[in-house]
Structures are given as C-alpha cells and as structure tokens.
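These notes concern the structure reproduced below.
The values are calculated or read from the model by the stated rules, or taken from the named source; none is laboratory data. Since the model is a prediction, treat every value here as computed from it, not as a measurement. All Cβ positions, even for glycine, are placed from backbone atoms using ideal geometry, and neighbour counts span all protein chains on display. Note: accessible area is taken over every heavy atom of the protein model, side chains too, but ligands, DNA and RNA are not part of it. Shrake-Rupley method; radii C 1.70, N 1.55, O 1.52, S 1.80 Å.
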Amino acid sequence: MPSFEYPEKLPLTPVSGPVDAAVRLPGSKSITNRALLLAALADGPSILRDPLQSDDTLYMFEALRSLGVDVTLTDAGDFEVTGVGGAFTAPKKSPIFIGNSGTTVRFLTAAACLAPAGSDVVLDGVARMRERPIRDLLGALITLGVDAESTHSNGCPPVRVRGGGLPGGKCLLRGDVSSQFLTALLQVAPYAQKDVEIEIVGDLISKPYVDMTQNVMHAFGVEMVNDNYRTLTVSAGQRYQGREYDVEADASNATYFLAAAAVTGGNVVLENLGAGSIQGDAKFARVLEKMGCNVDFGAQIALRGPKTLKAIDVNLEAIPDTAQTLAVIAAFADGPSTIRGLSSLRVKETDRVAAITNELTKLGVRVEEGRDYWIITPPLDGKYNAAEIKTYDDHRMAMSFAVAGLRLPSVTILDPGCVAKTFPDFWERWDRFFYAAKQ
C-alpha cells in the first residue's frame, strides 16, 4: 500500500491564474470496499482492477484476511481475492481494528455473522469510531436472527457479532442516519437462510449509494428488488460469483478538482470519469453548472469555471460527501448560498457541519449553521483572513480547503496527512496538475 510523508502544517500557495488540467483519479473507495467484500464472499477467485489503495481500503483488506480470506495486492496494483463461498473462518485476532473506516465497520458488522457458529467477531477502531452510531444496524441484524451488540451498550463500536449464519426474514430500518446500514444488510442477504426484506422507516438518505450497491451486487451475480426505496428484498440462495472487476475512479475525490476550475475560472477534464458512472457524486458537476460553470457531461466530465460564481440554494442529501467541497466553493460566490440536507454529516469522521462552520469563519466567511444546513456568505468587502485550517482528522476537510488555497494567500492546512484515508497521494497530484498555474 502507498505511504506518503507530510509535515504537520502545509502552507498553500495561490495560483496565478485559471487552472487548466486533465486529471486522472484513483479508484473509488466506496466501490473498492463493496467489491472487496463481495469478492471475499464469492465462489471462486476475483481480480479487482484499479482499486483504491488507502487507509480505508487497507482496513477492509486486512479485516478480510483476519476472517480467512486470501487477499493479495499484485505488482500491478490490483487486488486478487479468493472467495470463501459465504463462510468466513473464526477471526485470527480480536478485536479486528478498523480505524475510522465507516464502510468497513458497517459492512463487516453485517457480514461477520457468516463466521463459524460459536465464534465471536469484535470490531473496534479509533476514538471517533467509538462515537459513530451503529445501533440501527445492530437492531436490524438482531431482528433477522443475529446475536450482535454494542459492547459498551451505547449503540456505537466496539461491536461483537456471534457467528453461525443469518436466519433472515423481515426487518425495519431507519433511513435517515446512514445508507451504509442498508448496504451492509443487502450485501450479506444472499447468504441468509430465508429471503431478507428490509422496510425503510422514514426517508432514505443518500439513495445513489444504494443504487451503487445494487450495481456492484449485480456485477457479482446477485439480484435485489428495490420497491421505490421503501422495501428492498434479496432472495436467499443466491451466491456471488468471482470475476474480474474494474473499479471506477472516485467521484467524491473528483469534486476537489472540479472545484479548482470553478473557483479560478479555469478548465478541468476528468480523464477517467464520465456520465456512465454508477456513483451519485459524479452529478456534482451538475450542481456547479447551476453556479455558472460550463459542463460537458460525456465520456469524460469537463468543467470550465465562470468569471463570477453564482450563489446557490441546493439540497445535497443524496450526495452528502460533496457538501464540504461546495461549502468552500460557496465562499467565493456572488452572494449568500444555502446548502441543505446535511444531517448525515454530523456522524461522519467528525461533525462536518460544525467543522466547516468553524474553519470557514476563520477565513472571514459568514456561516449560519442549522441542524442540517449552512447559509454561507462571502466577505462583503471581498477581504479574506489568513488562517490555519484545522482538519479534525477528516480527509475531506483537508481536501476541501485545498480549494481555498488556490485563491487565498496564507492558508495553511494542519495535519495534511489525514488525506491518507481515501487519497494518499492527493497533495502530489494537486501539485502536479496545478503546478504550472502557481506563482
């Protein structure tokens, strides 16, 4: 896996003019971790081509190995996975440490029941992971017949799951906390003893991520029925089949490069991400279109920024991982912008709603924060402050404020190495693509 060394503080240099770059992105974290788990559960071998190699995928990689899956990294950078046919072994270590990887803890909390009867799988992580809610997923698993618990009885990791299989049946699941709970249940459902039917209570957030899950499950040979995101059903007895699978470029991480064009009035072409993407975050370019950007949404996504960015009023509930990027872009718009649908950001790597409020305010931007919204107003006099940006061990805080550094002098990123979670070589690529435009 790649390793990069960064200083504790990284001063950023503004560009001298509009950026102009053709960008090639690393693989999607969301797809890589889905494909890793499904390949692990499959019958037969799989090759995952162009996967993301980062902290989050490393935690999934190593956790699967602890559960008896043969997973290797090839010299070409692919993952080779020998599927276990839906039957993990008892864990080689306990607890299995998963850092602050939300996909890893949620996906494996559901899949851990496929360990042998009588064995316990314990998943634990960093201090922030122990604050991230998982109660609703545990409740659904218990309804489906799994012995599972939050070991501290607070609805957060560490979690303990008893092996022995998934009985299945019907369960209720809240839809307003994290779509990853639903994805976790859907991915393990084919190995249940009877059909699994999940009824969503309330509104389901982040629906594009459920579509992504369905797409990856289909690619590995399993079908699900989605009744308008109200009831989702997976028939028992299906099995994932090993295959060669190409991992798409990461659409969430693409947002920072599109933002660079937006705030500088420049041009960026995403060489390996286009309209055929299965990721909802690829639609972020359409959001920027509403701010005055010119977008070519074809085989490659190309964006040209405007001379003046228009303020926007938008709901990002479906694509919440793009919200921090948009918040920083809004700091350079021609008036107040309202960004809604942010409730799930409260339980991410940090409370992202509060973190953005704190750090944009340092720059002299006015931010009104609600439970699930921001109203972001750029400085009326056009004057921004120098600031050291705290990143809260959150990769998306660091990468979002890299965008501000393209425009503003004296922006310094604290703990820039936190990008290792999903984009270890982010700063190298940022410099490579935009170096020619720098002072």
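If LEU123 passes every condition in (1) in contact with a strand residue (DSSP E or B) (Cβ under 6 Å, 6 or more places away or on another chain); (2) hydrophobic (A, V, I, L, M, F, W, C); (3) open to solvent by 10 Å² or more (accessible area, probe 1.4 Å) but one, which one does it miss?
(3)
State whether one or more residues within segment 373-387 are over 20 Å from the mean Cα position of the chain (by Cα), hydroxyl-bearing (Ser, Thr, Tyr), at pLDDT below 95 and over 28 Å from GLU271 (Cβ atoms).
no
Considering ALA275, ALA282, which residue is open to solvent by less than 10 Å² (accessible area, probe 1.4 Å), among the hydrophobic types (A, V, I, L, M, F, W, C) and under 22 Å from the mean Cα position of the chain (by Cα)?
Residue meeting the stated conditions: ALA282.
Kindly state which strands (runs of 3 or more DSSP E) lie completely within segment 268-342 and contain at least 1 residues that are at pLDDT 95 or above and basic (Lys, Arg). Step through it out loud before you land on a result.
Values: elements: 294-297, 301-304, 313-315, 337-340.
In segment 268-342, 301-304, 337-340 are the strands (runs of 3 or more DSSP E) which contain 1 or more residues that are at pLDDT 95 or above and basic (Lys, Arg).
Counting residues that are of a type in the set (A, V, I, L, M, F, W, C), which strands (runs of 3 or more DSSP E) fully inside segment 147-194 reach at least 3? Spell out the reasoning first.
On the way: elements: 148-150, 159-162, 169-174.
Output list reads 169-174.
Please state which one of GLY276, GLY237, GLY298, GLY265 is closer than 25 Å to LEU37 by Cβ and either in contact (Cβ under 8 Å) with a residue 24 or more places away in the chain or touching a Cys at 6+ places or on another chain (Cβ under 6 Å) (or both). Full working, then the answer.
On the way: GLY276 fails: either in contact (Cβ under 8 Å) with a residue 24 or more places away in the chain or touching a Cys at 6+ places or on another chain (Cβ under 6 Å) (or both); GLY298 fails: closer than 25 Å to LEU37 by Cβ; GLY265 fails: closer than 25 Å to LEU37 by Cβ.
Step by step, each of GLY276, GLY237, GLY298, GLY265 is checked, and only GLY237 is closer than 25 Å to LEU37 by Cβ and either in contact (Cβ under 8 Å) with a residue 24 or more places away in the chain or touching a Cys at 6+ places or on another chain (Cβ under 6 Å) (or both).
Take segment 371-395 and flag every residue that is out of contact with any strand residue (DSSP E or B) (no Cβ under 8 Å at 6 or more places or on another chain) and open to solvent by less than 10 Å² (accessible area, probe 1.4 Å).
Of everything in segment 371-395, those that are out of contact with any strand residue (DSSP E or B) (no Cβ under 8 Å at 6 or more places or on another chain) and open to solvent by less than 10 Å² (accessible area, probe 1.4 Å) turn out to be ASP394, HIS395.
Filter segment 1-51 down to residues that are β-branched (Val, Ile, Thr) and open to solvent by 10 Å² or more (accessible area, probe 1.4 Å) and give me whichever is nearest to ALA110 (Cα to Cα). Break it down stepwise before answering.
We begin by selecting, within segment 1-51, every residue β-branched (Val, Ile, Thr); these are 13, 15, 19, 23, 31-32, 47.
Subsequent filtering for residues that are open to solvent by 10 Å² or more (accessible area, probe 1.4 Å) retains 13, 15, 47.
On the way: THR13: 45, VAL15: 46, ILE47: 23 Å.
Looking at the filtered set, the residue picked out is ILE47.
For segment 185-213, enumerate the residues that are over 20 Å from ALA112 (Cβ atoms), open to solvent by 20 Å² or more (accessible area, probe 1.4 Å) and not basic (Lys, Arg).
Going through segment 185-213, the residues over 20 Å from ALA112 (Cβ atoms) turn out to be 195, 197, 199-212.
Next cut, open to solvent by 20 Å² or more (accessible area, probe 1.4 Å) only: 195, 197, 199, 201-203, 207-209, 211.
Once the filter is applied, which keeps residues that are over 20 Å from ALA112 (Cβ atoms), open to solvent by 20 Å² or more (accessible area, probe 1.4 Å) and not basic (Lys, Arg), segment 185-213 yields ASP195, GLU197, GLU199, VAL201, GLY202, ASP203, PRO208, TYR209, ASP211.
Which of the residues belonging to segment 84-101 are open to solvent by 20 Å² or more (accessible area, probe 1.4 Å) and over 29 Å from ARG128 (Cα atoms)? Let's see the steps before the verdict.
Kept after step one, since they are open to solvent by 20 Å² or more (accessible area, probe 1.4 Å), are these residues of segment 84-101: 84-85, 87, 89-95, 97.
Answer for segment 84-101, where residues must be open to solvent by 20 Å² or more (accessible area, probe 1.4 Å) and over 29 Å from ARG128 (Cα atoms): VAL84, GLY85, ALA87.
Give me the pairs: first residue in segment 211-223 and farther than 17 Å from GLY280 by Cβ, second residue among the β-branched types (Val, Ile, Thr) and at pLDDT 95 or above, beta-carbon distance under 9 Å, and six or more apart or on different chains, which are they?
Listed pairs, sorted by first residue: VAL222/VAL234; GLU223/VAL234.
Inspect all residues belonging to segment 146-154 and state whether any of them is closer than 18 Å to ALA192 by Cα, of a type outside the set (D, E, K, R) and at pLDDT 95 or above.
If we filter segment 146-154 for residues that are closer than 18 Å to ALA192 by Cα, which is where we start, we get 146-148.
If we keep only those that are of a type outside the set (D, E, K, R) too, we end up with 146, 148.
Still in the running and at pLDDT 95 or above: 146, 148.
There is at least one residue in segment 146-154 that is closer than 18 Å to ALA192 by Cα, of a type outside the set (D, E, K, R) and at pLDDT 95 or above.
Need pairs with beta-carbon distance below 6 Å; first residue open to solvent by 20 Å² or more (accessible area, probe 1.4 Å) and within segment 158-184, second hydroxyl-bearing (Ser, Thr, Tyr); sequence gap 6+ or separate chains.
ARG160/THR151
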